[in-house]
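Reading through the structure tokens given below for one structure.
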Amino acid sequence: MGQDRKSAIIKLSLAMLIFGSIGVFRRYIPLSSAWMACVRGVIGTVFLVCVVAASKKRIDKKAIRKNLVLLLISGAAIGVNWILLFEAYRYTTVAIATLCYYMAPVIVILLAPVLLKEKMTAKKSVCAAVAIAGMLLVSGIFDGGAVVGGSGTGILFGLGAAMFYASVMLMNQFIKDISAYDKTIMQLGGAALVVLPYSVFTSGVQEFTALTVPQILLLLAVGIVHTGIAYWLYFGSMDKLSGQTVAVYSYIDPAFAVVLSVLVLREETGALGMIGAVLILGSTLFSEWTGKKK
């Protein structure tokens, strides 16, 4: 393995570990999900603009104008996606919220034949069915767990976040001839612009006055580390790795989130829930695997 590839894999793995820990941070920040999403979008945008400027690159305004409508719509979808995911963390465990969120690839598999004219293969059909079965196990419906009330609300928020994330994945297929950094800057900025007025209207600004110094530092970490640095590491690894490798390593994120949920937050995950987690992550991972490479 070449040195460049090793470095890229380390960057990608670190990015996934950072993404996987965001649920734990959310637990200790008493801020509305809308403001969490807004702060994340603002700080992430500023950080990536600074990265582009420091690397002596120019933002391609022509490419942005060409894709402006889709960039803004997908940015708005990212903002809603974040709000729903942060709400899912509030109502259910980090593990369940994350696993619901990772139904997004399954949603893409189901919609791709209609929207992208892709063929639904037997392998993809089986993977989608297995993931859905895993989702039912995670929900607790088969072990006497209630899918109503707080936990049920969290599951619905998590699946809603997955729907919006899937929509972003699909829209990205139609955004052409633009660098990953330029696209992400516009999408994060669009998310912040859409969420900001909603945050002010629904929550006001008084929430920030009640934050303690440690809570402010955690909030800054979500913006700087979980968004700016994580995306920088993620995109810094992509040009050295194949799409398949990136897809496979992306499953470090949910796996790490489940581990933190159990070991750090002491959130209970029953045997059926763990089986469901394996089915969801295993089936979506297998759907990305072609079998042509080790």
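Just so it is clear, none of the values below were taken in a lab; they were calculated from the coordinates. Note that the structure is predicted; figures quoted are calculated from it, not measured. Here the Cβ positions follow ideal geometry from the backbone for every residue, glycine too, while neighbour counts run over all protein chains shown.
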Q) Helix-derived [θ] at 222 nm for the chain: sum -39500 (n - 2.57) over DSSP H runs of at least 4, divide by residue count, nearest 500? A) -24000 deg cm²/dmol
Q: Give the shape of the range 1-127 as rounded, prolate or oblate, defined through the alpha-carbon gyration tensor: a ≥ b ≥ c are the square roots of its eigenvalues, a/c under 1.5 means rounded, and otherwise the shape is prolate if a/b is larger than b/c and oblate if not.
A: rounded
Q | Sites matching trypsin sites (Lys or Arg not before Pro) across the range 58-133 that sit in DSSP coil, with at most 13 neighbouring C-beta atoms within 10 Å | A | Arg58, Lys117, Lys119
Q) Which FRET efficiency, nearest 0.05, do Ser55 and Ala271 yield, Cβ-Cβ r, R0 45 Å? A) 0.40
Q) What FRET efficiency would be calculated for the residue pair Leu115, Thr202, taking the C-beta separation as r and a Förster radius of 41 Å, to the nearest 0.05? A) 0.85
Q: Rank the residues Trp82, Trp232 as a footprinting-exposure proxy: fewest other Cβ atoms within 10 Å of their Cβ go first.
A: Trp232, Trp82
Q) Among Lys119/Lys240; Lys124/Lys240; Lys11/Lys183; Lys11/Lys66, which pairs are too far apart, with a Cα-Cα distance over 22 Å? A) Lys119/Lys240; Lys124/Lys240; Lys11/Lys66
Q: For the range 30-141, calculate the relative contact order in percent as a whole number, restricting contacts to Cα pairs under 8 Å that are 6 or more residues apart.
A: 25
Q: Quick one: grab the alpha carbon gyration tensor of the range 163-225, order the square roots of its eigenvalues as a ≥ b ≥ c, and give me rounded if a/c is under 1.5, else prolate or oblate depending on whether a/b is larger than b/c.
A: prolate
Q: Can you bin the range 49-88 into rounded, prolate or oblate? Criterion: square roots of the alpha carbon gyration tensor eigenvalues sorted a ≥ b ≥ c, rounded for a/c under 1.5, prolate for a/b above b/c, oblate for the rest.
A: oblate
Q: Return a whole-number percent for the relative contact order of the chain, with Cα pairs under 8 Å and 6 or more residues apart as the contact set.
A: 42
(Q) Just to verify a number: FRET efficiency for Lys176 and Thr209, C-beta to C-beta distance, R0 = 45 Å, to 0.05? (A) 0.50
Q: For every other residue with a beta carbon closer than 14 angstrom to the beta carbon of Ile107, add +1 if it is Lys or Arg and -1 if Asp or Glu, then tell me the sum.
A: 0
Q | Most mobile of Met274, Met103, Met163 in a GNM of the chain (Cα contacts under 10 Å) | A | Met274
